[in-house]
Amino acid sequence: MRHPLRCSVRAGRWVIAVAAALALTACGGGSSSSPSSSSSSGSAPTSYTIGGSVSGLTASGLTLTDNGGDSLTVPADATSFTFSQMLQSGATYAVAVSAQPSNEQCTVSSASGTVAGNVSTVAVACTPLYTIGGAVSGLSAAGLVLELNGQYSLPVSANASSYVFSQGLASGTAYQVTIATQPNDESCVVSPSTGTVSANVTNVNVTCSLTTYSISGSISGLSASGLKLQFYSAGPQQSVPAGATSFTYGNVPYGTDVAMDVVEQPDWQWCTPGSGDYSGPMTGNVTGQTLSCAAAQAEVTTLAGSTTLGSANGTGSAAAFDDPAGVAVNAAGDIYVADSGNNEIRMVTPAGVVTTLAGSTTAGSANGTGSAASFDAPQGVAVNAAGDIYVADSGNDEIRMVTPAGVVTTLAGSPTLGSANGTGSAASFDDPTGVVVDSAGDIIVADTDNNEIRLVTPAGVVTTLAGSTTAGSADGTGSSASFYHPTGVALDASGNIYVADFGNNEIREITPAGVVTTLAGSTTAGDANGTGSAASFFGPLGVTVDASGTVYVTDGLNNEIRAVTPAGVVTTLAGSTTAGSANGTGSAASFDNPFGIAAVQASGVLYVGGFANEEIRQITPAQ
């Protein structure tokens, strides 16, 4: 009789495999089989296939490897792959690309792992490769070799009109085409040479021209800016900075006929090429050229007024002034003068005809037209593009405006001195001396006794750009910088402000952001020419800037007119430390406490307010 067996097996109850099998048989169970073959003596290790998906493949030539051994060629347009060689359970696999298809690049993801069953998750993604090429122009010689990304070289034959690198790049790849080897007697450039691939690139163009050479030489005596050289009629004009002792003129094509030509002379100087300088066709670099510049010379004459003070209108010496200070020039070349001792704003034509625009010899602060208006010791003047004149009315501590018709209004400040920012009469100044107007119509003011540089908008809103009421000579930004009785102010084409820092004997520079540096001079008074702090001034009063960026200074207590290059190189243009009123050239001319100065941009002529000479002087280059 068969004994019934329980068919439920609890964990830990049956521990002998044979007993378990008997129990399953007794319960009606059958034998089981594994995925791989087994023998009666035991089970063999299980083996599985390695494969996955393929996307984007359109070309032939793709070869994959597994573990660096099993190799599989994948046909074009395939969407999947399976290696023929199977791996045992527990083995590792690593699928890699051993050969890329034509004009495509394939990458493998989920490429490696440990076998635990058939592997179908290896993903091969292929993207097209794009070609890099472009047009070639001007190439007439052999020898040109291009290079792509520093790896792939391509020789380009003479007279070729285009090129294409055989090596393609994947989308999103950066490319750079460079010249590895220039052709014989030619020079080629690539433009645009760089980019990022998103399709076939056909616009990396190569332009070739005849090899170029340079001309170089030495310069002696150049102290001023404005020198321009040219060596052939179609060539560019090259500016040479003040103080330069050499020059190099490059990119002259092979075979070009050359000769040195001074197309623009420097300010106040005359430069002459050497008599033995080379001229003729360019067949190589030319060296040893020479250029000699005569010492800077300035011719000083009197435009209006005489050493006899007065308030008369008239022409030339028939007119009279009383302590003329600031000067400014309008677009027509007329000169406006702050006639300080006469409390008037005068106008002088280029021919020396003097009239009174506004004010009278009676001091006051009245607004009005012409002589009905009044000033009190005006010191500075500036003129905007519309012809409106701005006045630093020192005795009234105000900034006034005068229209071309002579109508006077007060823009900012009041007769009550102070240092308050604000609008109109709510703002205050303390002996404002110099003014200049920028392209936006804002007025920059040298607020002398406040030791500040102030800014006044056309609406009369006053702020402090740099400095504080504490005198000093510190460079810095805004109120961290300091001045000591700043007087004259001027602007260059970039909006930088130059300040005649009277008490510090320095010329200061202020960026539009209020960053203050010292361009030239030091707190030690003197008369030395030189660069930066090696140069010295004594009570500079006025500044102006010409089109080349040269700053001209009325060095008041030295009785001289000085020039300062953008690099801070200082020279003496006219006058000497001996006071006088003589006209003449350079140091033969004399001044007595020159105050305001203005430059005519088109001609380079300077006008000076001769404070103690009671004259308006004119300075022109002497050749």
Would you mind telling me which numbered condition in (1) assigned to a strand (DSSP E or B); (2) open to solvent by 50 Å² or more (accessible area, probe 1.4 Å); (3) at negative phi N251 fails?
(3)
What is the residue count in the stretch 436-463 for residues that are open to solvent by 50 Å² or more (accessible area, probe 1.4 Å) and either assigned to a loop (DSSP other than H, G, I, E, B) or farther than 23 Å from A338 by Cβ (or both)?
6
Is the stretch 219-234 home to any residue that is crowded, with 20+ Cβ neighbours inside 10 Å, under 25 Å from the mean Cα position of the chain (by Cα) and among the hydroxyl-bearing types (S, T, Y)?
yes
When the residues of the stretch 561-576 are narrowed to those that are open to solvent by 10 Å² or more (accessible area, probe 1.4 Å) and free of Cβ contacts under 8 Å to residues at least 60 places away in the same chain, which ends up farthest from the chain's Cα centre (by Cα)?
S576
Test each condition in (1) touching a Ser or Thr at 6+ places or on another chain (Cβ under 9 Å); (2) surrounded by 15 or more Cβ atoms within 10 Å (Cβ to Cβ) for T245 and report the one that comes out false.
(2)
Show me the strands (runs of 3 or more DSSP E) entirely contained within the stretch 294-407 in which 2 or more residues are at pLDDT below 95.
298-305
Taking the condition of being in contact (Cβ under 8 Å) with a residue 60 or more places away in the chain and surrounded by fewer than 24 Cβ atoms within 10 Å (Cβ to Cβ), how many residues in the stretch 311-351 meet it?
5
Pairs where the first residue, in the stretch 104-125, is surrounded by fewer than 19 Cβ atoms within 10 Å (Cβ to Cβ) and the second is in a loop (DSSP other than H, G, I, E, B), C-beta under 7 Å, 6+ apart
T114/G90; A116/S89; N118/T49; T121/S110; A123/S110; A125/G56
Flagged in the stretch 139-166 as surrounded by 15 or more Cβ atoms within 10 Å (Cβ to Cβ) and of a type in the set (S, T, N, Q), in numbering order, are N149
Residues of the stretch 128-137 that turn out to be crowded, with 16+ Cβ neighbours inside 10 Å and out of contact with any Gly (no Cβ under 6 Å at 6 or more places or on another chain), as a count:
5
May I ask you to list the residues in the stretch 367-380 that are closer than 22 Å to A332 by Cα and open to solvent by less than 10 Å² (accessible area, probe 1.4 Å)?
G380
If we scan the stretch 481-498, do we find a residue that is outside any loop (DSSP other than H, G, I, E, B) and more than 26 Å from T531 (Cβ to Cβ)?
no
From the list G596, G610, which residue is touching a Gly at 6+ places or on another chain (Cβ under 8 Å), over 13 Å from Y552 (Cβ atoms) and touching a residue at least 40 places away in the same chain (Cβ under 8 Å)?
G610
Take the stretch 423-435 and flag every residue that is part of a strand (DSSP E or B) and open to solvent by less than 20 Å² (accessible area, probe 1.4 Å).
P432, T433, G434, V435
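Per-residue answers, yes or no, for (1) under 22 Å from V354 (Cα atoms); (2) under 39 Å from the mean Cα position of the chain (by Cα):
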site	(1), (2)
T578	no, no
N583	yes, no
D592	yes, no
A598	yes, yes
Q618	yes, yes
P621	no, yes
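The values are calculated or read from the model by the stated rules, or taken from the named source; none is laboratory data. None of the values given here were measured: they were computed from a predicted structure. In this analysis, Cβ positions are derived from the backbone assuming ideal geometry, glycine residues included, and neighbour counts consider all displayed protein chains. Accessible surface is based on the protein model in full, side chains and every heavy atom, while ligands, DNA and RNA are left aside. Shrake-Rupley method; radii C 1.70, N 1.55, O 1.52, S 1.80 Å.
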